[in-house]
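Worksheet: one structure, shown below.
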Amino acid sequence: MNNKLRTFDLTKLLSVDLKQFLNEYLKGKWPSGMSKEDKQKYLKKTSRALHEALGLFQREKKTPITMFENREYSSLEVYFMLRRIPGVGPKKANMITRDFIYRSLDLSQSNPWFDQIKARFPNFRVVDEKLLDMPIDVHVVKVFNRITGRFQGRWKEELPNHIQDILAFSKLAFPDMPAKLDQIFWTVGREYCHERNPRCNECPIAEVCDSYRSMK
């Protein structure tokens, strides 16, 4: 939406046919194995969440920019502000907060949302990065379970326990900013550590992977 509208102005956001916009945007981007029915469910669910989020901003007479003030925020403060927005679950809230931290520390070059907030509120920044948990998705869980040798069996049924282990491991690996681990695991999971036919011989972390070592 930012690429199309170049703004987070609420009036312009509310003028968009959200379902049609998402449908056009996602052409050519859908996963190859996704059914037509699942695509329609996703479009319906996501457009509804966006509509509800815009409704929240409208009721509170705010925008995604003016929901913030011209000051410094802790990472957890931003996390819980984002969690109020319909459609923003724990994973998305962690990811957005992490990206705001990256921009605050000049570890990334651009983020449209952060940059528009910063343009209006020069003192805006996000700190206390060590308090933020890493975002966790299926790729992160998959990679963690493989490198610790626990991928076999019914690991999906033990997901809550594994999530707790991943959070603890992220703090051990990057105590100053545990969320850093997400980018590593997510990239490995998408590019190399496929659930079927993983590309272990090309994986950059193969040498620390228990599953890979067990195959040698």
Report summary line: Counting every C-alpha pair in region 162-210, the percent lying more than 15 Å apart is 52
**Report entry** Options 3, 112, 186, ranked by Cα towards positive dipole end of the chain, top entry (Cβ charges)
**Finding:** 3
Query - Mean Cα-pair separation over length for region 72-131, i.e. relative contact order, pairs under 8 Å, 6 or more apart, % - result: 49
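For region 72-131, would you read off the P(r) tail past 15 Å as a percentage of all alpha carbon pairs?
On the way: 796 of 1770 pairs.
Result: 45 percent of Cα pairs exceed 15 Å.
What per residue convex hull volume, in Å³, comes out for region 100-216 when only alpha-carbon positions are used?
Numbers: hull volume 14.2 nm³, N = 117.
Expressed per residue, the convex hull around the Cα atoms of region 100-216 is 121 Å³.
To the nearest 0.05, what FRET efficiency results for residue 40 and residue 15 with a Förster distance of 30 Å applied to their C-beta separation? Let's see the in-between values first.
Values: r = 23 Å, r/R0 = 0.78.
Once the sixth-power term is evaluated, E becomes 0.80.
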Query raised in the report: Just 38, 176, 133 to compare: in a GNM of the chain, with alpha carbon springs under 10 Å, which one fluctuates most?
Result: 38
Requested in this report: Compute the long axis of helix 138-147 from its Cα atoms, compare it with the longest principal axis of the Cα atoms of the chain, and write down the angle in degrees, 0 to 90, nearest 10.
Outcome: 30
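Evaluate Rg over Rh across the chain, taking Cα atoms for both radii and Kirkwood's formula for Rh.
Numbers: Rg = 19.4 Å, Rh = 19.4 Å.
Checking Rg against Rh, the ratio lands at 1.00.
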Query - All-pairs alpha carbon distance profile, region 1-111, 10 Å steps from 0, percent - result: 12, 36, 38, 13, 1
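I'd like the projected area of region 39-166, averaged over all directions, using the convex hull of its alpha carbons. Report it in nm² with one decimal. It would help to have the intermediate numbers written out before the result.
Working: hull surface 39.3 nm².
In nm², the orientation-averaged hull projection of region 39-166 is 9.8.
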**Report entry** Dipole magnitude of region 1-112, debye to nearest 20 (Cβ charges: Lys/Arg +1, Asp/Glu -1, about Cα centre)
**Finding:** 440
Report summary line: Listed with the fewest Cβ neighbours within 10 Å leading, 75, 170, 47, 15 appear as 15, 47, 75, 170
Report summary line: With label points set 7 Å from each Cα along the Cα-to-Cβ direction at residue 67 and residue 202, the distance between them in nm comes to 3.8
Query - Euclidean distance of C-alpha centroids, region 22-96 and region 111-141, integer Å - result: 14
Query raised in the report: Using +1 on the beta carbon of Lys and Arg, -1 on that of Asp and Glu, and nothing else charged, what's the dipole of region 72-131 about the Cα centre, debye to 20?
Result: 240
Query raised in the report: Summing Lys, Arg as +1 and Asp, Glu as -1, what charge do residues with Cβ under 15 Å from the Cβ of residue 58 carry, residue 58 excluded?
Result: +2
Requested in this report: Based on a Kirkwood Rh over C-alpha pairs, give the Stokes-Einstein translational diffusion coefficient of region 2-59 at 25 °C and viscosity 0.890 mPa s in µm²/s.
Outcome: 197
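Read-outs throughout are calculated quantities, based only on the coordinates presented, and are distinct from any laboratory measurement. From a predicted model like this one, the values you see are computed outputs, not experimental measurements. Cβ coordinates were reconstructed from backbone atoms using ideal geometry, including for glycine residues, and neighbour counts include every protein chain displayed.
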